[in-house]
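To keep things clear, I will list the structure first and then write my remarks on it.
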Amino acid sequence: MNQRGLSNLGNTCYINATIQCLYHLKPFSDFLLKHKASLDKGITGKLIEVFEYLNNPLYKSIYLVNFINSFFATHNLFKKGEQNDSYIFLVSLLTTINKEIKNFCNNDIISKLFCNYIEEKTSYNDTNVDKEPSFCISIPIKNKLTLDQCLQDFQYNKSRYDNYTRKTYNEEIKILPTGKFLIFNLQRISEGRHLTNFVDYPEYLNFRDSSYELMGLIKHIGNEYSGHKVAICKDVNNWYEFDDDSVYDLSKQMPKEPLIFLLFYEKIENGFLNNEPEKKPHSEIISKNISNILDIYKTYEKEEKEKEKKINTFFEKIYNFKKIKNEEDFLKIFPKKLITTSEFQTIFSIKDIPEYFVQDYFYIDYFKLILNYKKIMGKKAK
């Protein structure tokens, strides 16, 4: 199958990566393309146009512009030129499409495909059960090494003591996978800290008597202040990396990425797909290969320290530039809203820019990063 990328229209990498992962969930994209005649309105219609562009080399990329303009016009959380989060975009998009399809043709297909539940059961005098629907389940990662460990930590059945009533009650939380897809958001922001620990994830997941196949993931390149989102998706038996409009063939072996934010799993209805032999529980595999995971994490930790050193040098050169003392001075040098990488390098006499700052354009919000850097370095000096 011919794979196509999506152009970065100014910090839209988080949108591009999410759309690629959704497109490669074929029961979803095939449904939209098949019913485009009755779903050609609103955000749903604009998304179908983007899917048609990805599906047909004859279509032009103007459809992505139309989708983004329509989405920004109806969703106040998102602004042109500003970075945002793939998880927030995914949930916002699916919520909108779910409402539109229900209105267009009274079809509950989005809930059937994407909706799973988090059940919270409290047993005191009576048993109270609360089910919260979710298109994407957000789970803490803390210091965990595997997705299996994260899921075990998120779901629990514990006895708790109520100091007010002086009685013990039971509290249970578990995930009820009712949809075709199971999407996890790995929470990498905890108590104000950006967690960069490697969390291993399986290509085939055994969860609550069902088997799931990993079809896509979104990785983050950068730090807690700024960064770049890249999608990695599976098509039939081959993996591809989608870095905006650049597409790379990764062959058949599933890549292991350190900074994963989103994982897209699809339920296998009749055993494992493609005659794949049934896998042992992932926890067993990890227990045998724990040393390999630790080696991967040590290598990643070393690379992160080197990246941090480059970033510090990068910011120091910018901040020490004599002509810039405040944001007003910055705007005098860059009167337009966007500047090219080459212009940025020329003005600051910087030859090397860290790889995750190299995008199509540098926006004015990079000045805010400089101010954040000043605050951090000021605190460290004290």
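The numbers here are math on the coordinates, done by the rules we state, and not lab data. Keep in mind the model is a prediction, meaning the values are calculated, not measured. We place every Cβ from the backbone using ideal geometry, glycine too, and count neighbours over all the protein chains shown.
Using a Förster distance of 45 angstrom, determine the FRET efficiency expected from the C-beta separation of T122 and K41, and round it to 0.05. Walk me through the numbers on the way to the answer.
Details: r = 43 Å, r/R0 = 0.95.
Efficiency, from the Cβ-Cβ distance: 0.55.
Distance between the 7 Å Cα→Cβ label points at R166 and N66: 7.0 nm. Most tightly packed first, judged by the mean number of other beta-carbon atoms within 10 Å of their residues, the peptides 180-189, 25-34 read 180-189, 25-34.
Between N206 and Y59, the simple label model (points 7 Å from Cα in the Cβ direction) yields a spacing of 3.9 nm.
So which of K174/K219; K41/K219; K219/K267; K36/K234; K79/K121 end up more than 29 Å apart, counting from Cα to Cα? Too far apart for the 29 Å limit: K41/K219; K79/K121.
Between the beta carbons of N76 and D245, assuming R0 = 30 Å, the FRET efficiency works out to 0.60 to the nearest 0.05. Taking Lys and Arg as +1 and Asp and Glu as -1, the other residues whose beta-carbon sits under 10 Å from that of E132 total -2.
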